[in-house]
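Here's the structure we're looking at; comments come further down.
The values are calculated or read from the model by the stated rules, or taken from the named source; none is laboratory data. If you're wondering where the values come from, they're calculated on a predicted model, not measured in any experiment. Cβ atoms come from the backbone with ideal geometry, glycine included; neighbour counts cover every protein chain shown. Surface areas here come from the heavy atoms of the whole protein model, side chains and all, with no ligands, DNA or RNA. Shrake-Rupley method; radii C 1.70, N 1.55, O 1.52, S 1.80 Å.
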Amino acid sequence: MNQLIYYTLHLADNNLILTQRNAAWCGHGPILEQDIAITNITLDLIGQSRNLYQYAAKLINEKNIKLVETETPFSLENEVNEVNEDSLAYLRTEREFKNLLLAEQPNGDWAQTILKQFFYSVYQYLLYEKMQYSKDEQLAGIAAKAIKEVKYHVTWSSEWVIRLGDGTAESKAKMEKAIKELWRYTGEMFVPADYETAMIAAAVAPDVALLKGEWMKKVMEVFSEATISSPFGGDWNETVFMQTGGKNGIHTEQFGYMLTELQYLQRTYPGAAW
Amino acid sequence: MPTQLQNTKEKKELTAIWQLLNEVCDPEVPVLTILDLGIVRDVRSLPQGKQGNEEGFEIIITPTYSGCPAMDAISIDIRFMLLEKGYKNFKITTVLSPAWTTDWMTEEGKEKLKTYGIAPPSHSEKKGEIAVHCPQCNSVNTKLLSQFGSTACKALYQCQDCKEPFDHFKCH
Ligand SMILES: [Zn+2]
């Protein structure tokens, strides 16, 4: 049961942390339509993460499980000791977040933001496509709903990678710089954490290792259309050391700063609501 | 009460509730009722409560998009509407599966959208793609400006003939 909770939190955290980054573009997009596009994508992702957090909270409350490091959740009168979607997002500590390192990377410029979204959306699409048939009915339902939304995210982010890669010398240079920055965080997606391995064995989670081939194929198709070749001067698979740790709560340096901002209000004014 | 009579009474009650639900509108596209949108999936009777409460019922709704911010408002609107009409013993349940599709939108709803100036969803995944008509001049000479519009369910188009930009309710 704990493994299912960790797995559900991992899925929810991926979306929440990426949306916290994306939300920083709200009102700052390069043009109005794209500002609206990235915030709409963010809204889809946060909606999906709410569904996942609500499910995780239900599992935690039903089993009366005490997550080791979780602080006491909101002590609202009728909700004492009950975990909910908000306490999971706002009151867990850094080490308890199980999101991919990719999701927490800074936005950088528009190219880096786009590329991050593209890498994640392609992965999320492949993962959820299979998760629709999960033995866990709730996860299957969440995935079946989300996949219709993620399809648009893949299309939109692919188009932008192509537009920048096959654009001017400057836009191409920016896309290549973004690839150099983010490629090292892509390997983690396909290395299962213990809770994933357990859920794969239970036919709840798709096997992430098996998604790698398809993911590479789609990414290379888009890169090829974007006239982008490997900035590492060789084989994409071999030349870069892949960072891991996020799935197990070991994050990159910038994560703490963003989490502080995300949780500031509830930490400062516990239980604040409007 | 004989079962048959009971059933008829129950049926009448449920019909009355469906009619009331058809007066609750979507807060973001107020020309559409929640029945036009197809987000009310079922209304069913609940067995009598423990303390001999009057029989209750359950309303099952489903969100259009995972992150649709209108869902909370819709749920509250349903609650207020029913309380106002004197219903007390009911609950509203949100389900995610099966996932909402624009195929559940009524033909009447699609007409209302068009009159309102929003191009209705023009194809379903089964039927394949049909051109998006301009809601002003009905031209099919229209261009997609952005897959993402003013709300999660809409894309932004422009008519190449009358030049009017417009929202298209995305097929989903
Ligand atoms: Zn027109």
TODO: For A:Lys212, state whether it is free of Cβ contacts under 8 Å to residues at least 60 places away in the same chain, buried (at least 16 other Cβ atoms within 10 Å of the Cβ), on the phi < 0 side of the Ramachandran plot and not in a loop (DSSP other than H, G, I, E, B).
DONE: yes
- [ ] Please work out if B:Thr93 is within 14 Å of chain A (Cβ to nearest Cβ) and either touching a strand residue (DSSP E or B) at 6+ places or on another chain (Cβ under 7 Å) or part of a strand (DSSP E or B) (or both).
- [x] yes
TODO: Quickly run through segment A:225-252 and pick out the residues that are open to solvent by 30 Å² or more (accessible area, probe 1.4 Å), polar (S, T, N, Q) and modelled with pLDDT of 80 or more.
DONE: A:Thr227, A:Ser229, A:Gln243, A:Thr244, A:Asn248
- [ ] Determine which single condition A:Lys218 fails, assuming it passes every other condition in (1) at pLDDT below 95; (2) closer than 24 Å to A:Leu18 by Cα.
- [x] (1)
Open item on the list: Being assigned to a helix (DSSP H, G or I) and free of Cβ contacts under 8 Å to residues at least 24 places away in the same chain is the filter here; which residues of segment A:19-33 pass it?
Closed with: A:Ala23, A:Leu32, A:Glu33
- [ ] Being small (Gly, Ala, Ser) and over 23 Å from A:Arg21 (Cα atoms) narrows it down to one of A:Ser171, A:Ser224, so name that one.
- [x] A:Ser224
Open item on the list: I need the full set of residues from segment B:159-172 which are open to solvent by less than 50 Å² (accessible area, probe 1.4 Å) and either part of a loop (DSSP other than H, G, I, E, B) or within 14 Å of the ligand (Cβ to nearest atom) (or both), in order please.
Closed with: B:Cys159, B:Phe166, B:Asp167, B:His168, B:Lys170, B:Cys171, B:His172
